[in-house]
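Comments concern the structure below.
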Amino acid sequence: MKYEERLQNVTVLGAAGKMGSGILLLTAVEMADLSLLPENKDKTFVLNAVDVSDEALHGLMGYLRTQVRKIAEKKTVLLRKLYADRADLIENFDIIDEYIFDVLNIVRPVNAMEVAYNSHMIFEAIKEDPALKVKIFTQIKENSNVDPWFFTNTSSIPITEIDEKANLGGKVIGFHFYNPPAVQKLVEVIRAKETLDEVNDFAMTYAKRLRKVVVPSNDFAGFIGNGHFMRDALYGIQQAVKMKDEFGGLVQSIYAFNKITQDYLIRPMGIFQLIDYVGVEVCSYIMSVMNPYLENEDLHSDILDTMVEQGITGGQYSSGAQKDGFLKYEKGRPVAIWDINKKEYVLIADISADVDARLGDMPKLMKPWKAVNFNRGKAAILDGIFDEMNKMDSLGAKLAKDYNKRSNEIGNLLVDSNVANNTDDVNTVMLTGFYHAYGPINNYLK
């Protein structure tokens with residue numbers, strides 16, 4: 001079956017969710033572009049958007065319309081070529097409107113999974129629950145009329161386990177988009193033990209056409225991205241607990257380590273803000289999924305469990321706005337920190353001056369992440385900042401060095417345990433998927 005034939009009938013499971021909506025958008029655009037080629041004009045392309053919520057599916061169509069318009073406005077030259085045989089489409093706005101119609105006309109929003117029985121491709125972006133994924137894949141496999149391929153967006157569950165338990169015969173692959181899929185360039189591709197070569201080849205072609213950066217990960221729970229992030233997050237939590245007396249309490253210590261990871265280590269978010277972004281509850285759950293597969297490690301945090309029990313879950317609203325987690329947000333900016341003992345938020349403004357004084361001076365050459373990461377002279381800037389930090393003995397500098405050392409250890413662990421094929425793959429995931437200014441495996445801080 002040719003590439004475009006495989007994409008004639010596709011289903012996205014969890015299509016109205018945070019990840020699913022982006023996957024649906026990218027796939028809808030790819031299918032529409034294929035349908036407009038002269039050789040495909042007589043073919044029908046169908047994309048089933050499956051989700052349990054009618055309300056969410058209604059909102060999904062509005063999201064698609066808005067996003068497709070943005071995409072169309074950026075490629076009017078290409079669209080003029082695709083619609084060259086349409087004499088009625090003269091102005092750019094006519095072509096853009098027609099393209100929006102053609103993309104949306106492919107999408108079929110439904111909450112009945114049975115539509116997947118006729119799909120050659122299944123993209124799955126449902127809850128990170130091994131049993132649920134296996135149950136749904138098994139149901140589709142047993143009732144399918146066409147013997148489909150399964151692309152799972154799991155970020156932690158071994159693909160071989162899914163393949164074997166759902167009896168998919170190697171017709172499955174891990175295709176882990178990063179959030180948000182429509183913006184993020186990175187995709188981790190994970191083959192199961194028996195994944196067929198033709199499934200992997202299709203995955204590579206699909207990723208290339210979406211202009212994604214592909215990093216292969218070997219089939220170990222958590223893969224490269226969560227393999228690093230979950231351990232990095234756990235270290236941040238553990239250090240905050242360990243140093244709470246030094247800073248005058250856990251709230252103050254959480255603020256300190258969020259600042260160290262964002263400002264001293266020049267990351268786009270502090271570690272606790274990143275946990276909130278992914279979701280406190282999601283991080284706790286992913287750790288619980290990964291933990292049984294790990295030897296000589298306990299990837300678990302009582303604090304995450306307590307936060308979830310207290311109803312502090314993080315993540316995003318359907319609008320994309322950040323939910324409160326370790327940090328409370330106003331207009332997207334952190335303004336307070338959750339006190340798990342008092343069960344209330346403490347204003348950052350009330351504690352920051354004292355904690356900042358305890359951390360001590362930062363390097364005089366220090367710049368914020370944005371000023372570093374998008375600068376053509378980034379390498380020289382990083383060298384200057386970290387050379388200066390290496391000569392400092394302030395508490396903040398010491399803790400930053402320790403944190404970077406642990407991040408480095410985690411990166412090397414992923415290579416040594418054959419999760420990643422090499423150090424470049426680890427660094428690429430963190431640079432591209434997490435927008436770090438430099439990879440975790442580095443020689444910056446001593």
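Of the residues making up region 138-170, just one is within 21 Å of residue 6 (Cβ to Cβ), in contact (Cβ under 8 Å) with a residue 40 or more places away in the chain and either among the small types (Gly, Ala, Ser) or surrounded by fewer than 18 Cβ atoms within 10 Å (Cβ to Cβ) (or both), namely 146. The set of residues in region 289-299 that are surrounded by 13 or more Cβ atoms within 10 Å (Cβ to Cβ) and either under 15 Å from residue 229 (Cβ atoms) or touching an Asp or Glu at 6+ places or on another chain (Cβ under 7 Å) (or both) comprises 289, 290, 291, 294, 299. State which residue is nearest to residue 430 (Cα to Cα) when the search covers only region 226-251 and only residues that are of a type in the set (Gly, Ala, Ser) and in a helix (DSSP H, G or I). By that ranking, first place goes to 227. Just checking, does region 331-341 include any residue being modelled with pLDDT under 95 and among the small types (Gly, Ala, Ser)? Scanning region 331-341, I find at least one residue that is modelled with pLDDT under 95 and among the small types (Gly, Ala, Ser), so the answer is yes.
Residue-wise test of (1) part of a loop (DSSP other than H, G, I, E, B); (2) touching a residue at least 12 places away in the same chain (Cβ under 8 Å); (3) over 24 Å from residue 219 (Cα atoms).
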{"residue": "380", "(1), (2), (3)": "no, no, yes"}
{"residue": "389", "(1), (2), (3)": "no, yes, yes"}
{"residue": "398", "(1), (2), (3)": "no, no, yes"}
{"residue": "407", "(1), (2), (3)": "no, yes, no"}
{"residue": "420", "(1), (2), (3)": "yes, yes, no"}
{"residue": "425", "(1), (2), (3)": "no, yes, no"}
{"residue": "438", "(1), (2), (3)": "yes, yes, yes"}
{"residue": "445", "(1), (2), (3)": "yes, yes, yes"}
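Restricting 270, 249, 236 to those that are over 20 Å from residue 342 (Cβ atoms), assigned by TED's automatic domain parsing to the domain that holds residue 341, touching a strand residue (DSSP E or B) at 6+ places or on another chain (Cβ under 9 Å) and not hydrophobic (A, V, I, L, M, F, W, C) reduces the list to 270.
Output the residue which, of all residues in region 56-95 that are assigned to a helix (DSSP H, G or I) and of a type in the set (Phe, Trp, Tyr), is surrounded by the fewest Cβ atoms within 10 Å (Cβ to Cβ). If you could, list the steps in order and put the result at the bottom.
Let us first name the residues in region 56-95 that are assigned to a helix (DSSP H, G or I), namely 56-73, 76-82, 92-95.
Subsequent filtering for residues that are of a type in the set (Phe, Trp, Tyr) retains 63, 93.
Working: 63: 18, 93: 12.
Here the residue is 93.
Look at (1) within 18 Å of residue 232 (Cβ to Cβ); (2) assigned to a loop (DSSP other than H, G, I, E, B) and you find that residue 295 fails only one, number (1).
Look at (1) touching a helix residue (DSSP H, G or I) at 6+ places or on another chain (Cβ under 9 Å); (2) of a type in the set (Asp, Glu); (3) assigned to a helix (DSSP H, G or I) and you find that residue 142 fails only one, number (1). For region 134-183, filtering for residues that are small (Gly, Ala, Ser) and touching a Ser or Thr at 6+ places or on another chain (Cβ under 9 Å) leaves 5.
Each row is one residue, and each column tells you yes or no for (1) in a helix (DSSP H, G or I); (2) surrounded by fewer than 21 Cβ atoms within 10 Å (Cβ to Cβ); (3) within 21 Å of the chain's Cα centre (by Cα); (4) modelled with pLDDT under 95.
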site: 176; (1), (2), (3), (4): no, no, yes, no
site: 215; (1), (2), (3), (4): no, no, yes, no
site: 253; (1), (2), (3), (4): yes, no, no, no
site: 259; (1), (2), (3), (4): yes, no, no, no
site: 267; (1), (2), (3), (4): no, no, yes, no
site: 272; (1), (2), (3), (4): yes, no, yes, no
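Results for (1) in a helix (DSSP H, G or I); (2) among the acidic types (Asp, Glu); (3) in contact with a Gly (Cβ under 6 Å, 6 or more places away or on another chain), shown as yes or no for each residue.
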position: 147; (1), (2), (3): no, yes, no
position: 190; (1), (2), (3): no, no, yes
position: 206; (1), (2), (3): yes, no, no
position: 219; (1), (2), (3): no, yes, no
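Quick grid of which residues meet (1) over 22 Å from residue 326 (Cα atoms); (2) touching a residue at least 12 places away in the same chain (Cβ under 8 Å):
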residue	(1), (2)
207	yes, yes
214	yes, yes
232	no, yes
240	no, yes
251	no, yes
254	no, yes
264	no, yes
269	no, no
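The residue of region 44-60 that is nearest to residue 85 (Cα to Cα), among those that are of a type outside the set (Val, Ile, Thr) and touching a helix residue (DSSP H, G or I) at 6+ places or on another chain (Cβ under 7 Å), is 45.
Would you be able to tell me the number of residues in region 38-55 that are within 32 Å of the chain's Cα centre (by Cα) and not in a helix (DSSP H, G or I)? Show your work before the answer.
Going residue by residue through region 38-55, those that are within 32 Å of the chain's Cα centre (by Cα) are 44-55.
Subset that is not in a helix (DSSP H, G or I): 44-53.
So the answer is 10.
Considering only residues in region 174-186 that are touching a Phe, Trp or Tyr at 6+ places or on another chain (Cβ under 6 Å) and among the hydrophobic types (A, V, I, L, M, F, W, C), the one that is farthest from residue 436 (Cα to Cα) turns out to be 175.
Counting only residues that are β-branched (Val, Ile, Thr) and not in a loop (DSSP other than H, G, I, E, B), which one in region 316-353 is surrounded by the fewest Cβ atoms within 10 Å (Cβ to Cβ)? Spell out the reasoning first.
From region 316-353, those β-branched (Val, Ile, Thr) are 335, 337, 340, 346, 348, 351; that's our starting set.
Now restrict to residues that are not in a loop (DSSP other than H, G, I, E, B): 335, 337, 346, 348.
On the way: 335: 14, 337: 25, 346: 18, 348: 20.
Going through the qualifying residues, I end up with 335.
Please enumerate the residues belonging to region 96-136 that are of a type in the set (Val, Ile, Thr) and either assigned to a helix (DSSP H, G or I) or free of Cβ contacts under 8 Å to residues at least 60 places away in the same chain (or both). Walk me through how you get there before you give the answer.
The initial filter retains those residues of region 96-136 that are of a type in the set (Val, Ile, Thr), namely 96, 100, 103, 106-107, 110, 115, 122, 126, 134, 136.
Once the filter is applied, which keeps residues that are of a type in the set (Val, Ile, Thr) and either assigned to a helix (DSSP H, G or I) or free of Cβ contacts under 8 Å to residues at least 60 places away in the same chain (or both), region 96-136 yields 96, 100, 103, 106, 115, 134, 136.
The values are calculated or read from the model by the stated rules, or taken from the named source; none is laboratory data. A quick note: this is a predicted structure, and the numbers were derived from the prediction, not measured. Note: ideal-geometry Cβ built from the backbone for every residue, glycine included; neighbour counts use all protein chains shown.
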